[in-house]
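Each remark here refers to the structure printed beneath this line.
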Amino acid sequence: MDYLRTHGYLVIEDVLSPEEVQHATQLFRAWKETNAIPVGDHGIIKTHNAGHQEHAWYIRTRPNVIELFQQVWNTKDLMVSFDGMCYMSPTDHYEGYWMHTDQSPNDTSFRCYQGMVALTDNEHKTLKVCDGSHLMYDAYVQQYNLKGVRNFNIIDEDYCKPLSQTSLSVKKGSVVLWDSRLFHQNHCGDVGNMEERIVQYISYMPKDHKENTEDNQLKRKNAFLKGITTTHWCAPLKHATNDTVSSPIFDIQTYGTSMHALI
């Protein structure tokens, strides 16, 4: 975990078994195709109750995924985000700079590790990061006099140009973790590559986190019961979209106590 603290990100391979990857992928494809799920900007899917579909909960309840975050936080008592996912088809080629952080400038201290579980092998359509930039976030906020509670902020492109930027090579079954202050974005790589990209975003925090107030706990239960997709923040909880279009949610009894323990 020293690498994660120093560089701001970490790729951990073989967290899911090939069988788990295959099952999660089948669940995702069945949902997407049956419900004609639209894909948003940069491949992000957060509508149609995306955060509460079976592929999402199947991944969240995998023992190796949970154990990884237990090691990160040094506690077994965790809550999970109800985050969406990313899908890029072989012919998708989104362009444009959108390097950003996912943490409010009002607090530049460490607050959260977010992550993703990869269901495909990717070298081109992948996550690009500015190595060590999480440690620059406070200076960046002061230089640009940034304020506000919004947990999404585009980083000035000229500021990023001299920084070390890495496009991560990610194998299916891997988990990628990163500090929410890290400058990052997904991208499609060279035009002409025919990779498909399927990743489920995940984030866990300790249930005794100071921001998991009684009010936050009620909001989490409400989001769970109503199938509301959230951002990667478990606390304070934020809805990912105002979209009201829904799609059927699987029988939540499928995962029993392993699922309810993370609410």
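Since every read-out is calculated from the coordinates, none of them should be taken as a lab result. Every value quoted in this text rests on a predicted model; they were computed, and no experiment measured them. As a convention, Cβ positions derive from the backbone with ideal geometry for all residues, glycine included, and neighbour counts pool all protein chains shown.
Observations on the model:
- Test for His42: is it touching a residue at least 40 places away in the same chain (Cβ under 8 Å), in contact with a Cys (Cβ under 8 Å, 6 or more places away or on another chain) and assigned to a helix (DSSP H, G or I): yes
- Any hit, the stretch 12-31, residues being closer than 26 Å to Ser133 by Cβ, of a type in the set (Val, Ile, Thr) and either touching a strand residue (DSSP E or B) at 6+ places or on another chain (Cβ under 9 Å) or surrounded by 19 or more Cβ atoms within 10 Å (Cβ to Cβ) (or both): yes
For every residue, the table says whether it meets (1) touching a residue at least 12 places away in the same chain (Cβ under 8 Å); (2) farther than 23 Å from Arg5 by Cβ; (3) of a type in the set (D, E, K, R).
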{"site": "Gln165", "(1), (2), (3)": "yes, no, no"}
{"site": "Arg181", "(1), (2), (3)": "yes, no, yes"}
{"site": "His187", "(1), (2), (3)": "yes, yes, no"}
{"site": "Glu211", "(1), (2), (3)": "yes, no, yes"}
{"site": "Lys219", "(1), (2), (3)": "yes, yes, yes"}
{"site": "Lys226", "(1), (2), (3)": "no, yes, yes"}
{"site": "Gly256", "(1), (2), (3)": "no, yes, no"}
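- Per-region count, the stretch 165-200, residues of a type in the set (S, T, N, Q), out of contact with any Asp or Glu (no Cβ under 6 Å at 6 or more places or on another chain) and within 24 Å of Gln70 (Cα to Cα): 1
- Top-ranked residue in the stretch 45-59 [being part of a helix (DSSP H, G or I) and not small (Gly, Ala, Ser); ranked as surrounded by the fewest Cβ atoms within 10 Å (Cβ to Cβ)]: Glu54
- Only one entry in Leu146, Leu119 is in contact (Cβ under 8 Å) with a residue 60 or more places away in the chain and either within 30 Å of Arg220 (Cβ to Cβ) or touching a Ser or Thr at 6+ places or on another chain (Cβ under 6 Å) (or both), namely Leu119.
- Residue count for the stretch 181-227 satisfying the condition of being assigned to a loop (DSSP other than H, G, I, E, B), buried (at least 18 other Cβ atoms within 10 Å of the Cβ) and among the hydroxyl-bearing types (Ser, Thr, Tyr): 1.
- Unmet requirement for Tyr140, which otherwise passes all of (1) closer than 27 Å to Met205 by Cα; (2) surrounded by fewer than 18 Cβ atoms within 10 Å (Cβ to Cβ); (3) touching a helix residue (DSSP H, G or I) at 6+ places or on another chain (Cβ under 9 Å); (4) among the aromatic types (Phe, Trp, Tyr): (2)
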